[in-house]
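Just so it is clear, none of the values below were taken in a lab; they were calculated from the coordinates. Everything numeric here is computed off the predicted structure, so don't read it as measured data. Neighbour counts run over all protein chains shown; Cβ positions are idealised from the backbone, glycine included.
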Amino acid sequence: MDISDIAEKITAGDRRALARAITLVESTRAEHRVQALELADRLRGGGRQALRIGLSGTPGVGKSTFIESFGLMLVAQGLRVAVLAVDPSSARSGGSILGDKTRMERLSREPMAFIRPSPSQTHLGGVARRTREAVGLCEAAGFDVVLIETVGVGQSETVVAELSDLFILLLAPAGGDELQGVKRGIMEMADIILVNKADGDLKAAAMRTCADYAGALRLLRRRPQDPDGFPKAMTVSALELAGLEVAWAEMKTLRDWRQSHGHWDTRRATQSRHWFEDEVRQGLLRALTEQPKIRAAMGAMGAAVARGEMTPDSAAAQMLRDLAAHK
Ligand code: GDP
């Protein structure tokens with residue numbers, strides 16, 4: 001692959017070149033990694049920034065319907081929209097909740113949009129890196145908005161929150177008055193909670209759920225990176241296109257406020273540092289555990305622990321001492 005040629009095409013907004021480049025960053029082959037890093041370095045200086053919106057929600061809340069409606073609305077406003085997915089299910093089963101090609105059919109036909117299904121068969125750390133690099137490529141390609149979607153299971157929300165400027169939690173109306181088992185940590189990451197399906201028979205339930213979450217959000221500590229009134233909960237109907245304009249206006253309010261108060265740059269700087277450290281940590285772990293001597297020692301110690309001859313903690317302490325002593 002000619003890296004300077006593909007970099008040029010990406011900068012010109014060529015979606016096929018972008019798709020090829022994302023395939024390159026998804027590859028784990030060593031020569032592809034070298035090329036992917038070279039490409040990212042070439043594109044880094046472009047200075048283009050998209051609004052990165054993380055969107056999380058359990059299967060069935062209406063993520064694809066929302067992204068299609070919301071994306072089409074943005075496209076109609078003349079904005080270029082990219083959609084990427086972080087799908088932890090593909091790591092486990094090889095099947096994907098988010099990768100289905102038939103999702104967002106209308107949006108995918110828009111020349112101003114770019115949709116990339118999640119890659120299959122890789123661990124979450126790998127997915128995070130691939131998504132991070134794909135976000136960078138979309139920015140270099142001049143997209144105005146990059147939507148990063150994930151299902152609300154496992155650690156994937158944290159990964160997405162660490163990749164985005166705004167984090168949106170999408171919910172469906174609850175049957176009762178329970179807070180749908182949404183973990184506190186995820187609520188704390190959310191900048192805006194959107195209760196979807198506020199239409200027809202579900203409208204009243206959606207309003208109740210929204211009020212419950214608005215109350216729960218008020219109990220959270222106010223964050224310095226937020227203007228008054230944030231984080232906030234709102235109702236939308238992705239199906240009937242209700243509330244989408246308002247939701248977009250709120251996202252822009254948050255973006256503008258953070259940009260003018262320095263929080264935007266700080267957040268991105270903190271994220272970059274986080275990803276650098278994460279990458280080094282993972283690389284170190286890989287390098288260590290790939291060494292035959294260390295693998296053998298891990299295996300032997302693991303067996304001793306399994307036989308009950310050592311406690312897990314004392315075995316780990318011993319292992320770390322040996323490592324520190326370069327045994
Ligand atoms: P995802 O799994 O989160 O991507 O959810 P989907 O977008 O596939 O939607 C799941 C189901 O909810 C589908 O049957 C949609 O038609 C329905 N749905 C999505 N958005 C709305 C909405 O705003 N109102 C109503 N009533 N149904 C919706």
Dipole-positive endmost among Ala269, Leu219, Val195 within the chain (Cβ charges, Cα centre): Ala269
For Thr235, enumerate residues with amide H under 5 Å from its amide H, sequence gap 5+ or separate chain, H modeled in the peptide plane. Val195
Specify the inter-centroid distance of the range 131-165 and the range 1-76, based on alpha-carbon positions, in whole Å. 9 Å
Around Leu285: net Lys/Arg minus Asp/Glu count, Cβ-Cβ under 12 Å: -1
Magnitude of the Cβ-charge dipole of the chain, K/R +1 and D/E -1, about the Cα centre, nearest 20 debye? 560 debye
Only Lys, Arg (+1) and Asp, Glu (-1) charged, at Cβ; the range 1-45 dipole about Cα centre in debye: 160 debye
Give Lys9/Lys252; Lys203/Lys252; Lys203/Lys232 a once-over and call out the pairs whose C-alpha atoms are over 20 Å from each other. Lys9/Lys252; Lys203/Lys252
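Under 1.5 on a/c is rounded, so check that first for the chain, then, if it is not, pick prolate when a/b is larger than b/c and oblate when it is not; a ≥ b ≥ c are the square roots of the alpha carbon gyration tensor eigenvalues.
Working: a/c = 1.91, a/b = 1.32, b/c = 1.44.
Since a/c reaches 1.5 but b/c is at least a/b, the shape of the chain is classed as oblate.
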